[in-house]
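The values are calculated or read from the model by the stated rules, or taken from the named source; none is laboratory data. On a predicted model such as this, the values are computed, not experimentally measured, just so you know. Note that each Cβ is placed from the backbone with ideal geometry, even for glycine, and that neighbours are counted across all protein chains shown. For accessibility, only protein heavy atoms count, side chains too; no ligands or nucleic acids. Shrake-Rupley method; radii C 1.70, N 1.55, O 1.52, S 1.80 Å.
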Amino acid sequence: MIASIISLLVAAVALLGGQAAAYNRRFIENSSDTEQVIISGASSFNGLNLVPQMGWNNWNAFQCNVSESLLLDTAEAMVNFGLKDLGYNYIVLDDCWSIGRNESGYLIPNPLKFPNGMKYIADKLHSMGMKFGMYSSAGVFTCGRYPGSLGFEQQDADLWASWDVDYLKYDNCFNQGQSGTPQISFNRYNVMSQAINKTGRPMIYSLCNWGNDDPYDWAYTIANSGRMSGDIYDQFNRPDSRCPCTEAVGCAWPGFHCSVMNILNKMAAIQSRTMSGYFNDMDMLEVGNGGQSDSEYVVHFSMWAMHSSPLLIGTNVLTLSPANLAILSNPAIIALNQDPSASAAIRKWQYFIDPDETGQGEIALWTRRLANGDQVIALLNAANSTMKMNATMNEIFLDPRTAGAYHEPEELRKTWDVYDLWANRLSESEASAIINSTPMIGITNMNSTKTPRATRYNATTTSYADGLKNNDTALLGQKVGSIEPRGTWVAEIPRHSVGMYRLRARPTTRMRKRDELY
Ligand code: GAL
């Protein structure tokens, strides 16, 4: 009897201890040390990144041309342009920052590029309300042939923690052949995951192995995001032999030079593997880098948001054009990305209507259910001429995976108001006013008359989740019509464009008894 009481007590203490450990790992999402974002169904292994990370990474625009001033000037511009308050708060330094290891094995930052060291940068960024991301590779070298972290995991994680780093992007080059099966890759990436946890410092762990060995099947237990494709390049749909796969699953060589449409379509088969705490990373944004038209960048940005991909600006913010600022600043689109559902979209249909010289002339319908019951639809026209496109209620609401359900979805019997999510895009003159009047009080102050309320948002003061609860009009776009029960949404979509619509159900009048039996 006494023995069993003692064992019960031991079990209870162990349980409480375990819970405490779990709570310790539930790090804080927003800057304050006391608040905690809790999203039901969150599966984050370390409690971080319940909605996708947002920020900036230097690679796409600057490659190895990195420096302290680039990071700090960019951060300052992001604050001044209101991008920080829209949620872009991580400044991620990519490859080529280190010159080697010292006698004790610690990484040495390049003193010419980073004369004041890394802790200095972290402190400066933190004082601006930004966070600091660092880069390394799960190999003996990084992809640019700088020192990698394989075999030095704990020492490197400890060093980054001592610099107050908040984020690690962890690449895949020079991995000594330690890949080829999910288990081998898992083991290699898990060492760094454990090392980061051991430091006790909350750091987002962003895995970058280009979809090798199917990270979307296993990485959610050790990481906060995982790249699902070879490197992006600044083209809308141009095929390139260096990016040979059109599917994520079974892709033997992810390669690089993958176009926006190539990466987008790879999401179709793995969309169910996006979840709160682990996001399929479609790679850094190319918006602003000059290889695509305005409407193509709108497609790129919209679809990355729609799929809850991390949103890392990948251009030179210091020379950002008004049009590109307007794309990156659309809170109605960012709200999709930051939606607490933390899910990706389903491709309901795809037709190749004009296999032109690029062989990529497709149209498609993608839809996604949001946490508050709204539904979002993307009518994507990647073909070469304007198309009258339509989405029927059946297509919008009959999820192929549940189409065999006994009852038809009740959504089909509702009337849905339709909101165009690009209707309130900042105009050229509004965006240039923001860029030209730096530092401009109007950007972070939502009550200012300088910046139209409906087109900007301050996520530092109100999260997107709360903004949606309050029906903040900045997140809704503009009402452009409605769909009646069993109706169809029809829209004319110009070539290489997308119609992005949030559907919201009108409150239904009480059903009669007979209808309930229906
Ligand atoms: C690639 C990675 C890129 C960039 C580059 C740096 O492997 O996918 O995003 O980090 O290495 O060398």
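Suppose each label sits 7 Å from its Cα in the direction of the beta carbon; what would the Arg101-Glu395 distance come out to in nanometres?
Going by the 7 Å Cα→Cβ label model, 5.6 nm.
Run through all the Cα pairs of the stretch 163-220 and give the fraction in each 10 Å bin from 0, expressed as whole percent.
Reading the bins upward from 0: 22, 54, 23, 2.
Regarding the stretch 207-304, what are the three Cα extents along the principal axes, ordered largest first, in Å?
Principal-axis extents of the Cα atoms in the stretch 207-304, largest first: 38, 28, 19 Å.
Report Rg(Cα)/(2.2 N^0.38 Å) for the stretch 309-420, keeping two decimals. List each step's numbers first, then the result.
Numbers: Rg = 17.0 Å, N = 112, 2.2 N^0.38 = 13.2 Å.
Expressed relative to 2.2 N^0.38 Å, the Cα Rg reads 1.29.
Can you give me the accessible area per residue for the stretch 113-173, using a 1.4 Å probe, in Å²? Don't skip to the answer; put the middle values down first.
Values: 1960 Å² over 61 residues.
Result: 32 Å² per residue.
Averaged per residue, what accessible area in Å² does the stretch 250-366 show with a 1.4 Å probe, protein chains only?
Working: 2830 Å² over 117 residues.
The answer is 24 Å² per residue.
Using 7 Å Cα-to-Cβ label points, what is the Asn110/Gln183 separation (nm, one decimal)?
4.1
Name the residues of the stretch 277-298 whose amide N is less than 17 Å from a point 7 angstrom out from the Cα of Asp240 along the C-beta direction?
Hits in the stretch 277-298 for Asp240 at 17 Å: 282-293, 297.
With a 1.4 Å probe and all protein chains left in place, how much of the accessible area of the stretch 216-273 comes from carbon and sulfur atoms, in whole percent? Could the numbers behind the result be given before it?
Working: 1070 of 2040 Å².
Exposed carbon and sulfur together represent 52 percent of the surface.
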